[in-house]
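Engineer: Quick one: the structure is below, and I'll ask about it shortly.
Values in this text are rule-based calculations from the coordinates and carry no lab data. Fair warning: this is a prediction, and the values are worked out from it, not measured in the lab. Cβ placement follows ideal geometry from the backbone for every residue including glycine, while neighbour counts extend to all protein chains displayed.
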Amino acid sequence: MADDIRFDGRAILVTGAGRGIGAAQAMLLAARGARVVVADKGAALDGEGKDQGPADSVVAAIRAAGGEAVACAADIATEAGATAAVHACIDAFGRIDGLCHYASTSPDLTTADALSTPDLDLVMRINPMAGLWLARAAWPHMAAAGYGRIVLTTSAGIYGSFGNAPYAAAKAAVIGAIRCLAIEGAAHGILANAVAPAAWTRMTDRLHESAFTRWFSETMTPDKVAPPVAFLLSDACATSGETFAIGGGRVARIAFAETGGAFDVATIEQARDALPGVLSADDWLFPRDLTERSGAVTALYGLDLRLEASGGIAVRPIAKE
């Protein structure tokens, strides 16, 4: 159909694309005309080992369907490997228009007193650090073209669950990174968004069997994540700096929010007395960035914050009607 969203001429790097959501994403993009780098080291969930077989299998499936794809087994949990993955796209297709970073690890659940430093290091490197390394390597090419689409993956784990602090911390860091990338990319035609995908993959295979896990495995399939993410990677998308929960056919916005808060809290006891009201308040602010948040907060103090043409910030009392 004439209004179908396609990716003809675009080159997109998808990490973690040898299996699960990443594989579904790569195949959908290729089916719509994208030239795809299927980046997957083929490691176990703990990051150990290397096997290019999964990436090669996805590439073979794409080519068999008439699409274009190449495999990359670089270790993107390292700075050099992340850079190499971007260069694989440039070398194969002469450009990089999109970056979709699914690759992750899933440490065993552990409480605060037993945190594993190696596990914490790996989950940070494969999530926010790899995302930023990939973005840094792709940025000059996207900026020169005046076009780019970046999607990094966070997780519903950011809401918190028992024994999951390393993973939640790594995924929460992605949200802060994507909001900054969106601001910096605006002048270059680069859009950046985060997604919290829900799908039955190797990570969820470890869940104990129950009525919930049976429902989840049947409903939350990888192919239901790929279409909304593909839209975020498309020319048709104009949204940037947002975080979306995606799974089972559902798309929802995840937002940072802050209440108006309590004022004139100057002692420990006043903080004690104010906290119940702060926790129960419903006067939510939903700032899009730090500048908007600062403006909203200063307005609560009766001040008007304005950016001046010189780049400075002016603060004036709000005129009373």
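Engineer: Once you keep just the Cα pairs under 8 angstrom separated by 6 or more residues, what percentage relative contact order results for the chain?
Structural biologist: Numbers: 609 pairs, mean separation 43.6, N = 321.
14 percent.
Engineer: Still on this structure, please answer the following. Can you compute 3J(HN,Hα) from phi for each residue in region 31-36, using the Karplus curve 6.51 cos²θ - 1.76 cosθ + 1.60 with θ = phi - 60°, rounded to whole Hz and x for Gly and Pro?
Structural biologist: 5, 9, x, 6, 8, 10
Engineer: May I ask you to sort LYS50, LYS41 by Cβ crowding, counting other Cβ atoms within 10 Å and putting the fewest first?
Structural biologist: Details: LYS50 13, LYS41 25.
By the 10 Å Cβ count, ascending: LYS50, LYS41.
Engineer: A further question follows. Assuming a ≥ b ≥ c are the square roots of the Cα gyration tensor eigenvalues, decide whether region 11-254 counts as rounded (a/c under 1.5), prolate (otherwise, with a/b larger than b/c) or oblate. Show your work: numbers first, answer last.
Structural biologist: On the way: a/c = 1.39, a/b = 1.29, b/c = 1.08.
Rounded shape, in that the Cα axes give a/c under 1.5.
Engineer: Also, quick follow-up: Can you list residues whose amide H is under 5 Å from ALA69's amide H, if they're 5+ apart or on another chain and H is modeled 1.01 Å from N?
Structural biologist: For ALA69, the qualifying residues are VAL36.
Engineer: Hey, another quick one. Expressed as an acute angle from 0 to 90° and rounded to the nearest 10, what is the orientation of the C-alpha long axis of helix 165-185 relative to the principal long axis of the chain?
Structural biologist: 80 degrees
Engineer: May I pose another question? For MET124, MET27, which order do you get if you count the other beta carbons within 10 Å of each Cβ and list the fewest first? List each step's numbers first, then the result.
Structural biologist: Values: MET124 18, MET27 23.
The most exposed by this proxy come first: MET124, MET27.
Engineer: Now a separate question. Which of rounded, prolate, oblate describes region 40-121, given a ≥ b ≥ c as roots of the alpha-carbon gyration tensor eigenvalues and a/c under 1.5 marking rounded, otherwise prolate only if a/b is larger than b/c?
Structural biologist: Judged from the Cα gyration tensor, region 40-121 comes out prolate (a/c at least 1.5, a/b above b/c).
Engineer: Under 5 Å between amide H atoms, partner at least 5 residues away or on a different chain: which partners does ALA74 have, H built in plane at 1.01 Å?
Structural biologist: So ALA74 has HN proximity to ASP40.
Engineer: Running a GNM on the chain with Cα contacts under 10 Å, which residue among GLU269, GLU209, GLU184 ends up with the highest mean-square fluctuation?
Structural biologist: Evaluated over the chain, the most mobile residue of the options is GLU269.
Engineer: Okay, helix-only estimate at 222 nm for the chain: each DSSP H run of n ≥ 4 adds -39500 (n - 2.57), divide by all residues, round to 500 deg cm²/dmol; what do you get? Don't skip to the answer; put the middle values down first.
Structural biologist: Values: 10 runs with 124 residues, N = 321.
The helix-only estimate for the chain comes to -12000 deg cm²/dmol at 222 nm.
Engineer: Mind listing the phi-derived Karplus ³J(HN,Hα) values for region 50-55, rounded to whole Hz, using 6.51, -1.76 and 1.60 with θ = phi - 60°, and x for any glycine or proline?
Structural biologist: Each residue of region 50-55 in turn: 8, 8, 6, x, x, 5 Hz.
Engineer: Specify the angular offset, from 0 to 90 degrees and rounded to the nearest 10, of the alpha carbon long axis of helix 268-280 from the longest principal axis of the alpha carbons in the chain.
Structural biologist: 60 degrees
Engineer: Taking a ≥ b ≥ c as the square roots of the Cα gyration tensor eigenvalues, with a/c under 1.5 meaning rounded and otherwise prolate when a/b beats b/c, else oblate, which class fits region 105-177? Don't jump to the answer; show the numbers that get you there.
Structural biologist: Details: a/c = 4.27, a/b = 2.39, b/c = 1.78.
Here region 105-177 falls in the prolate category.
Engineer: Would you mind ranking TRP215, TRP139 so that the residue whose beta carbon has the fewest other beta carbons within 10 Å leads the list?
Structural biologist: Working: TRP215 11, TRP139 20.
Placing the least packed residue first, the sequence is TRP215, TRP139.
Engineer: Hey, in the GNM for the chain with a 10 angstrom Cα cutoff, which one of PRO222, PRO197, PRO118 fluctuates hardest?
Structural biologist: Highest fluctuation among the options: PRO118.
Engineer: Apply the Karplus parameterisation 6.51 cos²θ - 1.76 cosθ + 1.60, with θ equal to phi minus 60°, to every residue of region 19-28 and state each ³J(HN,Hα) to the nearest whole Hz, in sequence, with x for glycine and proline.
Structural biologist: These are the phi-based 3J(HN,Hα) values: 8, x, 4, x, 5, 4, 5, 4, 5, 5 Hz.
Engineer: If you build a Gaussian network model of the chain, linking Cα atoms that sit under 10 Å apart, which residue out of ALA156, ALA257, ALA199 swings the most?
Structural biologist: In the Gaussian network model the winner is ALA257.
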